[in-house]
Amino acid sequence: MNAQILTSLDSFSGLRSVTELTKDQLIQSARTAVKECSVEEARAQLEAHPNTLLLDVREPEEVATGSIALAKAVPRGFLELRIEDIERNRDRPIIIYCAGGTRSVLAGRSLQEMGYRNVTSMKGGFGAWKNAGFPWKVEQQLSSEQKIRYSRHIMLPEIGEEGQKRLLNAKVLLVGAGGLGSPSAFYLAAAGVGTLGVVDPDVVDYSNLQRQILHRNEDAGVPKVDSAERAIRDLNPDVKVVKYREFLTSENIMRILDEGWELVVDGCDNFQTRYLINDACVFRGLPNVHGSIFQFEGQVSVFAPKLGGPCYRCLYPEPPPPGMAPSCAEAGVVGALPGIVGTMQVLETVKLLLGKGTPLVGRLAQFDALAMKWREMKLRRDPECPVCSEHPTITTLIDYEAFCSASR
Amino acid sequence: MAITVRIPTSLRKFAAGNDRVEVEGSTVKDVLDALSKAHPEIGARILDEAGVPKRFVNIYYKDEDIRFLKNVETEVETGSELSIVPAIAGGF
């Protein structure tokens, strides 16, 4: 009884004797516990078993000077805290490397203590890998300002530094710098989507300012692409803006799409442009993030036949004849509505760029602001679709005539 | 058999401002015919001469496009819902 109390008191007050180890003894004891391999063996293992997780436990400044492709960089100090976000499976083979092969042994021991059973430390580290003439790369690094600016993204496991770099390298084309294009441009820019193309032929009018938040009072009369560029730069100087002060037609759309855009956000205001964008995106295999609004109602979907989904023509094979679209009878839109729909388009865009989540492919989200309700309709690929089916009847771009002046 | 038809914003003014209309019918065709009779201006905008939805209007029964069911011959259950979803272009 007394002995028990004494023991617990000892451990509580830290009086119990602890074996003292020198640095070298600590490393030696880790070496006996953690398996080591040469850089040649590591390379062979990575090639033979692509499932192997390669961990780079060096500090970010060291990683910045070069690293092995496909390695996950986790600084030694964060290893235990982050490893489960990367891999929970204790049986997955893991190879750890640092600069010279010492920190990786200590890191390996920590992972073993967490139950990772298949951990190997690469002898000689990155230095030995480079000396062996094996391939390595210098990874694009986020600046310290960028790490702060995008910190709320980076802390999400779905995004992280890699996802943020992906966004910074992305090229997204926005069609329309109006009601939908305004929130889209702002949130894409804020998210650090590195290159934004903005297509809009119009100049800013006072009647735009009730909802087109890219533009300011003093911008009246200024081309919308210029005003948009100013607003985007003011928000985030990381973003490069490419301006197209043009009305999209069959003459110019392919020239523009072929300038390296990987995704189109359709926020235009008329049917002829929507069909043109749809057809051109199908021809080029680009996803088309669609948003449209009318009065108190909005629609959002992702048209991406390449991802197995339908295109806009699967949904509506033909545009309404001029004057016949219900939306031509009268316009008008509540100002915050494009804010909702344009922001949804941004969420879908970011998900697509990162390859995360379930995109709005094959689904139409329909928003009714008066009822404050979202409804989801199933969309299917039309096997008879004139554009994206196996036997398309439309193989060239069509310039439909203007549908109604009220919509512009 | 009463079916609820959801009217999109753009057509509500032709249905006395209502966002839903109740009509009788046992197939989509019955329902659309009854809707046209009650609100001819809606019928004129969404249906062709044969009473089939125009190509820029989709009809959803229980959130499924009727074109992928039995089109206007799709049978509808009492108390269920039909939605009219027209193409809208605005982004302005």
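The values are calculated or read from the model by the stated rules, or taken from the named source; none is laboratory data. No experiment lies behind these values; they were computed from the predicted model shown. Because the Cβ atoms are built from the backbone with ideal geometry, glycine has one as well, and the counts that use them run over all protein chains shown. For the accessible areas, the whole protein counts, side chains as well, though only heavy atoms, and no ligand, DNA or RNA atoms are used. Shrake-Rupley method; radii C 1.70, N 1.55, O 1.52, S 1.80 Å.
Structure values in brief
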{"item": "Residues (touching a Gly at 6+ places or on another chain (Cβ under 9 Å) and either at the interface with another protein chain (Cβ under 10 Å from one of its Cβ atoms) or assigned to a loop (DSSP other than H, G, I, E, B) (or both)) located in region A:361-373", "result": "A:GLY362, A:ARG363, A:GLN366, A:ASP368, A:ALA369"}
{"item": "Unique residue being part of a helix (DSSP H, G or I), crowded, with 16+ Cβ neighbours inside 10 Å and without any contact (Cβ under 8 Å) to a residue 40 or more places away in the chain when the list is A:LEU46, A:LEU79", "result": "A:LEU79"}
{"item": "Given (1) farther than 30 Å from B:ILE84 by Cα; (2) touching a strand residue (DSSP E or B) at 6+ places or on another chain (Cβ under 9 Å); (3) open to solvent by less than 40 Å² (accessible area, probe 1.4 Å), number of the condition A:GLU246 does not satisfy", "result": "(3)"}
{"item": "Residue among B:ILE84, B:ILE88 that alone is within 11 Å of chain A (Cβ to nearest Cβ), over 13 Å from the mean Cα position of the chain (by Cα) and touching a residue at least 40 places away in the same chain (Cβ under 8 Å)", "result": "B:ILE88"}
{"item": "All positions within region A:141-150 that are exposed (fewer than 11 other Cβ atoms within 10 Å of the Cβ) and part of a loop (DSSP other than H, G, I, E, B)", "result": "A:SER143"}
{"item": "Qualifying residue in region B:61-72 (condition: crowded, with 16+ Cβ neighbours inside 10 Å, away from every other protein chain (no Cβ under 12 Å) and outside any loop (DSSP other than H, G, I, E, B))", "result": "yes"}
{"item": "A:GLU40, sole failed condition from (1) of a type in the set (D, E, K, R); (2) closer than 26 Å to A:GLU158 by Cβ; (3) part of a helix (DSSP H, G or I)", "result": "(2)"}
{"item": "B:ARG55 being surrounded by fewer than 18 Cβ atoms within 10 Å (Cβ to Cβ), facing chain A (nearest Cβ under 8 Å), in contact with a Pro (Cβ under 8 Å, 6 or more places away or on another chain) and among the basic types (Lys, Arg)", "result": "yes"}
{"item": "Qualifying position, being within 23 Å of A:LEU347 (Cβ to Cβ) and in contact (Cβ under 8 Å) with a residue 12 or more places away in the chain, among A:ALA231, A:ALA280, A:ALA220", "result": "A:ALA231"}
{"item": "Given (1) assigned to a strand (DSSP E or B); (2) open to solvent by 10 Å² or more (accessible area, probe 1.4 Å), number of the condition A:GLN210 does not satisfy", "result": "(1)"}
{"item": "Residue, farthest from the other protein chains (Cβ to nearest Cβ), within region B:20-43, restricted to residues that are in contact with a Ser or Thr (Cβ under 8 Å, 6 or more places away or on another chain) and open to solvent by 30 Å² or more (accessible area, probe 1.4 Å)", "result": "B:GLU22"}
{"item": "Residue in region A:350-359 that is assigned to a helix (DSSP H, G or I) and at the interface with chain B (Cβ under 10 Å from one of its Cβ atoms) present", "result": "no"}
{"item": "Residue within region A:335-347 that is open to solvent by less than 30 Å² (accessible area, probe 1.4 Å), in contact with a strand residue (DSSP E or B) (Cβ under 9 Å, 6 or more places away or on another chain) and either within 22 Å of B:GLU64 (Cβ to Cβ) or assigned to a strand (DSSP E or B) (or both) present", "result": "no"}
{"item": "Number of the exception - A:VAL300 against (1) crowded, with 24+ Cβ neighbours inside 10 Å; (2) in a helix (DSSP H, G or I); (3) touching a strand residue (DSSP E or B) at 6+ places or on another chain (Cβ under 9 Å)", "result": "(2)"}
{"item": "Filter result for A:VAL225 (out of contact with any helix residue (DSSP H, G or I) (no Cβ under 9 Å at 6 or more places or on another chain), of a type in the set (Val, Ile, Thr) and away from every other protein chain (no Cβ under 14 Å))", "result": "yes"}
{"item": "Residue ID - surrounded by the most Cβ atoms within 10 Å (Cβ to Cβ), chosen from residues in region B:1-19 that are part of a loop (DSSP other than H, G, I, E, B) and more than 9 Å from chain A (Cβ to nearest Cβ)", "result": "B:ILE7"}
{"item": "Of the criteria (1) of a type in the set (A, V, I, L, M, F, W, C); (2) in contact with a strand residue (DSSP E or B) (Cβ under 7 Å, 6 or more places away or on another chain); (3) over 27 Å from B:PRO53 (Cα atoms), which one A:ILE293 fails", "result": "(3)"}
{"item": "Given (1) in a helix (DSSP H, G or I); (2) at the interface with chain B (Cβ under 8 Å from one of its Cβ atoms), number of the condition A:ARG313 does not satisfy", "result": "(2)"}
{"item": "Qualifying residues in region A:333-349 (those that are over 13 Å from A:ALA191 (Cα atoms) and hydrophobic (A, V, I, L, M, F, W, C)) - the one nearest to the other protein chains (Cβ to nearest Cβ)", "result": "A:VAL333"}
{"item": "Selection count where residues are more than 26 Å from A:ALA190 (Cβ to Cβ), open to solvent by less than 10 Å² (accessible area, probe 1.4 Å) and within 14 Å of chain B (Cβ to nearest Cβ), scope region A:249-272", "result": "2"}
